[in-house]
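*Asks:* First, the structure itself, so that you have it in front of you.
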Amino acid sequence: MSPINCGIEEGYAAYCPGGLHPVYIGDVYNERYEVLRKIGWGQYSTVWMVKDRTKEKGDVDEFKALKILSAQCYSSDTPIFEREILTHLRKGNKSNVGYDFICHLLDDFELQGPNGTHVCLVFELMGETLHSLRAIFDKQMLPNIVMRKFTAQLLVALGYAHDHGVIHTDIKPDNIFVRFTDWSNPIRSRSLRTYYFGARLRPLDLDLALGDWGVSSWKTKHLTELIQPVALRAPEVLIGAPWDWMTDWWNLGFVVMEAFRGVAMFTGKLGEETPYALQVHLAESAEKFGPFPKSLLDQGDPEIVAEYFNQDGTIKGWEFEPDPPLDDDAYMDDLPQENRVAFIEFLHALMKIDPAQRLSAQDLRQQVWIKVGKKVVD
């Protein structure tokens, strides 16, 4: 029987020495957390909905999410910073407006299993991700007022992390979570979606939390130099230049555009036989936000710069029919002109090719598209 058919989506091969820990429904960890069902998985972890046996039935904190990392995550060969960074963020300045929009660590412990020692992280139980939330809206595009609110929350969450010396490096819709707003329905229902989207729910009532800090870095110590999902990589990462917390803004801009307008700005795709080409990705970035300034190219990998760039920061030997500009009806046909202009201005403020020109979280929050109308972050 294949792993898919027997419900092991991550595959049997992941359960090996140094790999994932085998978990079964009904298991109790740390004499406290009873496993109810699996709610997520990845290459380096599985995530489980658990009942906290120290809480009374019906308590708002009765159910939590338990993330069990693979044994190699904290091995001597490939240590990550996730537990340390989460602990640091939890102990940070709670008066900072961004504190409440972080998916904070509630508890952590280690367990010894047949595949090694596993770090276990306990979090607030969340509902949808930004990726799955889009599916309930027409054309999978979030309404303007909802996207403004969510973007403001993500700005302050990242501002909080940056103020505390942390760079997320992996902002994508699957790592942005939607908080539960109503605990009155049975949480044991098979589908969190069925539970979560009740008749009384209004999208504007929702709040986000930025989670999955598994590949995050310290400002002063990077986990790795090659960061971010490929299509979301910042210009400085693409050319092998030094990077800092400003990479998060580029990453965020891509996600906002995708969730708000249903558009993936960059793909790097060169025909059916070449799903990704760096030259294409660089050209797509330069077309919308370029050219690459000499000050940035001087910091890049000399081989990459020499191979792909002209002296003026344009891409060598690249001719293609350009995509429509960002304010074109192809992307913005349903937006009034005022909202369209304000959003594009915000996107350009967020996604400067030169990271030195990207704004702070505080300055980004002053952009017209974020500020207009109703206050969206208390």
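*Asks:* Give me a comma-separated list of calculated 3J(HN,Hα) values for segment 243-251, in order, Karplus coefficients 6.51, -1.76, 1.60 applied at θ = phi - 60°, integers in Hz, x for any Gly or Pro.
*Replies:* Result, ordered by residue: 9, 9, 5, 5, 4, 4, 5, 4, 4 Hz.
*Asks:* Would you please give the residues with an amide H less than 5 Å from that of Gly42, counting only those at least 5 places away or on a separate chain, with H modeled from the backbone geometry?
*Replies:* Excluding prolines and chain starts, which carry no amide H, there are no hits.
*Asks:* Still on this model: Could you let me know the centre-to-centre spacing of segment 210-272 and segment 294-326, using Cα atoms, in angstrom?
*Replies:* 18 Å
*Asks:* Same structure again: Mind pulling the angle between the C-alpha long axis of helix 144-163 and the longest principal axis of the chain? Nearest 10 degrees, somewhere in 0 to 90.
*Replies:* It works out to around 80 degrees.
*Asks:* Compute the Cα gyration tensor for segment 38-110, then decide on rounded, prolate or oblate, letting a ≥ b ≥ c be the square roots of its eigenvalues: rounded whenever a/c is under 1.5, prolate when a/b is larger than b/c in the other cases, and oblate in all that remain.
*Replies:* Since a/c reaches 1.5 but b/c is at least a/b, the shape of segment 38-110 is classed as oblate.
*Asks:* Enter the Cα centre distance for the pair segment 1-71 and segment 96-135, rounded to the nearest angstrom.
*Replies:* Spelled out, the Cα-based centre of one part sits 12 Å from the other.
*Asks:* Once you've got the GNM for the chain with C-alpha springs shorter than 10 Å, pick whichever of Val47, Val60, Val156 has the biggest mean-square fluctuation.
*Replies:* Answer for the Gaussian network model of the chain: Val60.
*Asks:* Around Ile315, with a cut-off of 12 angstrom between Cβ atoms, what is the net charge of the other residues, counting Lys and Arg +1 and Asp and Glu -1?
*Replies:* Here the count lands on -4.
*Asks:* Here's a follow-up. Would you mind checking which residues have amide H under 5 Å from Phe63's amide H? H placed 1.01 Å from N; only 5 or more apart, or other chain.
*Replies:* For Phe63, whose amide H was placed from the backbone, the distant partners under 5 Å are Asp52.
*Asks:* If you don't mind, another one. Determine one quarter of the surface area of the Cα convex hull of the chain, which equals its mean projected area, and express it in nm² to one decimal.
*Replies:* 20.9 nm²
*Asks:* Moving on. Could you list Ile68, Ile344, Ile25 in order of exposure, starting from the residue whose Cβ has the fewest other Cβ atoms within 10 Å?
*Replies:* Ile25, Ile344, Ile68
*Asks:* Mean separation of Cα pairs under 8 Å and 6+ residues apart, divided by the residue count of segment 19-73: what relative contact order is that in percent?
*Replies:* 34 percent
*Asks:* Related question: Can you pick out the pairs among Lys316/Lys352; Lys38/Lys64; Lys294/Lys316; Lys67/Lys149 whose Cα atoms lie more than 19 Å from each other?
*Replies:* Checking Cα-Cα distances, Lys316/Lys352; Lys67/Lys149 exceed 19 Å.
*Asks:* Work out the FRET efficiency for Val60 and Asp205 from their Cβ-Cβ distance, taking R0 = 22 Å, and round it to the nearest 0.05.
*Replies:* Rounded to the nearest 0.05, the efficiency is 0.85.
*Asks:* Given a Förster distance of 51 Å, report the FRET efficiency between Asp163 and Glu319 from their Cβ-Cβ distance, rounded to the nearest 0.05.
*Replies:* 0.70
*Asks:* In a GNM of the chain with a 10 Å cut-off on Cα contacts, which of Leu155, Leu296, Leu130 has the highest mean-square fluctuation?
*Replies:* In the Gaussian network model the winner is Leu296.
*Asks:* For segment 15-98, which chymotrypsin sites (Phe, Trp or Tyr not before Pro) are both in a DSSP coil and crowded by at most 15 other Cβ atoms within 10 Å?
*Replies:* In loop regions of segment 15-98 (DSSP not H, G, I, E or B), the sparsely surrounded chymotrypsin sites (Phe, Trp or Tyr not before Pro) are Tyr24.
*Asks:* Further question: Can you give me the distance in nm between label points at Val28 and Thr224, each placed 7 Å from the Cα along the Cα-to-Cβ direction?
*Replies:* 3.9 nm
*Asks:* Sticking with this one: As I understand it, the value is the acute angle between the Cα axis of helix 337-350 and the longest principal axis of the Cα atoms of the chain; what does it come to in degrees, rounded to 10?
*Replies:* 80 degrees
*Asks:* Taking GluC sites (Glu not before Pro) as exposed when DSSP calls them loop (any state but H, G, I, E, B) and at most 13 other Cβ atoms lie within 10 Å, what is the longest stretch of the chain free of them, the sites themselves excluded?
*Replies:* Answer from the scan: 57-224.
*Asks:* Give me the tail of P(r) for segment 1-125 as a percent: Cα-Cα pairs with distance above 26 Å.
*Replies:* Here the long-distance tail beyond 26 Å is 25 percent of all Cα pairs in segment 1-125.
*Asks:* Here's something else I'd like to know. If you average the sequence gap of Cα pairs under 8 Å that are 6 or more apart and divide by the length of segment 1-125, what percent do you get for the contact order?
*Replies:* Rounded, it is 24 percent for segment 1-125.
*Asks:* Arranged by the count of other C-beta atoms within 10 angstrom, fewest first, what order do Thr247, Thr129, Thr78, Thr220 take?
*Replies:* Going from least to most buried by this count: Thr220, Thr78, Thr129, Thr247.
*Asks:* Quick one: what are the phi-derived ³J(HN,Hα) couplings along segment 351-368, Karplus 6.51/-1.76/1.60 with θ = phi - 60°, whole Hz, x for glycine and proline?
*Replies:* Once rounded to whole Hz, the list reads 10, 5, 4, 7, x, 5, 9, 6, 8, 6, 4, 5, 5, 5, 5, 8, 5, 4.
*Asks:* How much length is gained if the chain between Gln311 and Leu111 is pulled fully straight, taking 0.36 nm per residue apart and subtracting their Cα-Cα distance, in nm to one decimal?
*Replies:* Going from the current span to full extension adds 66.5 nm.
*Asks:* From the backbone phi of segment 59-64, what are the Karplus-calculated ³J(HN,Hα) couplings (6.51 cos²θ - 1.76 cosθ + 1.60, θ = phi - 60°) in whole Hz, Gly and Pro given as x?
*Replies:* 5, 4, 9, 5, 10, 9
*Asks:* Next up: Report, in deg cm²/dmol and to the nearest 500, the calculated mean residue ellipticity at 222 nm for the chain, where each DSSP H run with n ≥ 4 adds -39500 (n - 2.57) and the sum is divided by the residue count.
*Replies:* Here the helix-only value at 222 nm equals -7500 deg cm²/dmol.
*Asks:* Ok, one more. Once you keep just the Cα pairs under 8 angstrom separated by 6 or more residues, what percentage relative contact order results for the chain?
*Replies:* Computed over the chain, the figure is 14 percent.
Any read-out appearing in this document is the output of simple, stated calculations on the displayed coordinates, not a laboratory observation. Computed from a predicted structure; not experimentally measured. Glycine gets a Cβ as well: all are built from the backbone with ideal geometry, and neighbour counts include every protein chain shown.
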